[in-house]
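Engineer: Mind looking over this structure? Questions follow.
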Amino acid sequence: MGRAFSLPKLSLKACLAIAIIACLVLLIPNSTLANVTGTLSLDKSIYRSGETLYIQVTDIDENKDSTAKDSLSVSVTSAIESQAETVTLTETDVSTGVFQGSIALDEQGSIGADGKLQVTFAGDKITVTYKDLADDWGNPKTIVKTADFVGKAIGGGISTDTTWTEANSPYIVTDDVFVNPGVLLSIEPGVEVKFMAGSGLFVHGTLNAVGTSSKPIRFAPYAESSAPGYWDGIKIIRKTAGGDSNITFEYCIICICT
């Protein structure tokens with residue numbers, strides 16, 4: 001037979017204490033009950049001229065007011081503007097723990113705390129930093145996301161004779177470049193051409209890439225660290241009627257990976 005047992009009798013004071021604790025548990029925001037490591041995300045990994053950087057942080061710990069939208073801040077820098085701009089992110093709604101904000105990218109303004117992130121047209125690296133005060137273990141943690149700015153982005157067909165000059169180097173190839181039939185692409189000494197992942201140079205016309213011993217032309221992956229196959233290389237699509245190659249390479253460096 002089962003053994004009978006009875007629950008202990010509680011005093012009125014003990015019952016009241018339990019009730020108060022239960023009410024506090026229901027009223028205290030989730031952030032005080034358990035720490036959660038926040039997450040940081042950007043709306044894209046590559047930005048171009050005229051675009052805006054959109055930022056999102058998800059961190060339930062920062063949901064401090066159950067009756068109003070909360071806010072938090074992140075810092076944003078670029079290679080040209082190393083002094084961080086502060087961006088305020090606002091909760092999407094009451095108690096969501098999701099915070100969003102944005103900052104414009106500016107290629108023309110002067111460097112300084114003006115609410116815009118200065119970037120250079122030749123290409124830049126954007127860094128966003130969020131300092132989470134308490135991760136899963138209650139310790140402070142710095143979360144970082146990076147993105148590329150390619151103001152001088154190149155892609156698509158070249159339909160007229162074109163020269164890539166050293167003064168405008170580097171050239172950032174974001175999409176496949178096609179030198180159309182009958183068209184000449186000339187590349188000056190000292191030019192650097194950087195290819196984003198999956199992009200390449202396809203020559204249906206003529207390519208003259210003539211560098212010098214002191215100013216070679218460099219073709220390389222855009223990424224600081226990449227494996228073979230990162231970019232699609234330079235491909236000759238046709239030969240001239242006489243059978244000679246329609247590509248000239250002199251003093252050129254072609255980097256398969258970095």
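Engineer: In this structure, does Ser159 turn out to be surrounded by fewer than 18 Cβ atoms within 10 Å (Cβ to Cβ), touching a helix residue (DSSP H, G or I) at 6+ places or on another chain (Cβ under 9 Å) and farther than 18 Å from Asp43 by Cβ?
Structural biologist: The answer is no for Ser159.
Engineer: Using the structure shown, decide if Ala167 is part of a loop (DSSP other than H, G, I, E, B) and among the hydrophobic types (A, V, I, L, M, F, W, C).
Structural biologist: No.
Engineer: Can I ask one more? I want to confirm something. Restricting to the range 209-227 and keeping residues that are outside any loop (DSSP other than H, G, I, E, B) and without any contact (Cβ under 8 Å) to a residue 40 or more places away in the chain, which single residue is farthest from Val150 (Cα to Cα)?
Structural biologist: In the first step, residues of the range 209-227 are kept if they are outside any loop (DSSP other than H, G, I, E, B); the result is 209-210, 217-221.
Those left that are additionally without any contact (Cβ under 8 Å) to a residue 40 or more places away in the chain: 217-221.
Details: Ile217: 20, Arg218: 18, Phe219: 16, Ala220: 15, Pro221: 14 Å.
Among residues in the range 209-227 that are outside any loop (DSSP other than H, G, I, E, B) and without any contact (Cβ under 8 Å) to a residue 40 or more places away in the chain, the one farthest from Val150 (Cα to Cα) is Ile217.
Engineer: Next question, about the same structure. Could you check how many residues of the range 191-208 are more than 32 Å from the chain's Cα centre (by Cα) and either closer than 28 Å to Ala147 by Cβ or hydrophobic (A, V, I, L, M, F, W, C) (or both)?
Structural biologist: 1
Engineer: Please pick out the residue among Val173, Val183 that is of a type outside the set (Gly, Ala, Ser) and either surrounded by 20 or more Cβ atoms within 10 Å (Cβ to Cβ) or without any contact (Cβ under 8 Å) to a residue 12 or more places away in the chain (or both).
Structural biologist: Of the residues listed, the single one that is of a type outside the set (Gly, Ala, Ser) and either surrounded by 20 or more Cβ atoms within 10 Å (Cβ to Cβ) or without any contact (Cβ under 8 Å) to a residue 12 or more places away in the chain (or both) is Val173.
Engineer: Every residue in the range 68-80 that is of a type outside the set (Gly, Ala, Ser) and modelled with pLDDT under 95, please.
Structural biologist: Kept after step one, since they are of a type outside the set (Gly, Ala, Ser), are these residues of the range 68-80: 69-70, 72, 74, 76-77, 80.
Ile80 - this is the single residue of the range 68-80 that is of a type outside the set (Gly, Ala, Ser) and modelled with pLDDT under 95.
Engineer: Does Pro221 qualify as being farther than 28 Å from Gln118 by Cβ, at pLDDT 90 or above and either among the polar types (S, T, N, Q) or not assigned by TED's automatic domain parsing to the domain that holds Glu51 (or both)?
Structural biologist: Answer is no for this residue.
Engineer: Related question: Give just the number: which of (1) touching a residue at least 12 places away in the same chain (Cβ under 8 Å); (2) closer than 23 Å to Thr88 by Cβ does Gly138 not satisfy?
Structural biologist: Result: Gly138 fails condition (2) only.
The values are calculated or read from the model by the stated rules, or taken from the named source; none is laboratory data. Treat the numbers as computed from the prediction; the structure is a model and nothing was measured. Backbone-built Cβ (ideal geometry, glycine too); neighbour counts: all protein chains shown.
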